[in-house]
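Worksheet for the structure shown next.
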Amino acid sequence: MAPTVAVLDIFMPGLNGLDVVAGVSAERCPTGVVLLSATASQEQLLTAIAGGAKGIVLKDAALPELVQCVRCVAAGGEWWPSNLINTALVREAHYPVELLTNREQQIAQMVAGGLSNKEIGRQLDLSEGTVKVHLHNIYRKLKVNNRTTLAAMAITQRQNLQQHL
């Protein structure tokens, strides 16, 4: 039986925390991965979000914050400190998700959930090529150029996306 939550350091010897997140997501393991780090670069944060991590806590945070994060993730939520997200996605405010169609919003959410184009197509009964076309349109409308940034934007805008679906 898989653990509900795993807390991993981003910088572990051998296989780093970001690699583990990607592996857990690829295996569709139900374990929610929380990353612990002394510092998190914007690139690491975006990679963690796109890879399927459910939260991040800086090592200098108080123990109660880590406990809250683990409880939140164990309950099926996500824990993204707004100061880290806002720093990583300053440009997000200039590209509102309201520019996206309902289908594009669904696809953005699925990308944020770590699903591949093939998995998205399967769930929405679309071909992989159609998913790629939608992603191209999403990237153009939001002025992003990769799925990592899209995933991070979708997570920060999850509230808006859910209101529009």
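Any read-out appearing in this document is the output of simple, stated calculations on the displayed coordinates, not a laboratory observation. Everything numeric here is computed off the predicted structure, so don't read it as measured data. Here the Cβ positions follow ideal geometry from the backbone for every residue, glycine too, while neighbour counts run over all protein chains shown.
Using only the Cα atoms of the stretch 5-88, build the gyration tensor, take square roots of its eigenvalues as a ≥ b ≥ c, and label the shape rounded, prolate or oblate: rounded if a/c is under 1.5, else prolate if a/b is larger than b/c, else oblate. Rounded, because the longest to shortest axis ratio a/c is under 1.5.
Taken along the Cα-to-beta-carbon direction at a fixed 7 Å, the label points for ALA26 and ASP9 span 2.4 nm.
All other residues with a Cβ under 13 Å from the Cβ of ALA38 taken together, and with Lys, Arg as +1 and Asp, Glu as -1, what is their net charge?
Once positives and negatives cancel, what remains is -1.
The ranking of MET12, MET110, MET1, MET153 from fewest to most other beta carbons within 10 Å of each one's beta carbon is MET1, MET12, MET110, MET153. Please give me the summed charge of the neighbours of LYS59: other residues whose Cβ is under 14 Å from its Cβ, Lys and Arg +1, Asp and Glu -1. Summing Lys/Arg as +1 and Asp/Glu as -1 gives -3. Counting neighbouring beta carbons within 10 Å and listing from fewest to most, the residues LEU99, LEU115, LEU15 come out as LEU15, LEU99, LEU115. As a length-normalised measure over Cα pairs under 8 Å and 6 or more apart, the relative contact order of the stretch 5-88 settles at 29 percent. Amide H contacts of CYS29 (H built 1.01 Å from N, in plane; Pro and chain starts excluded): no residue 5 or more places away or on another chain comes under 5 Å.
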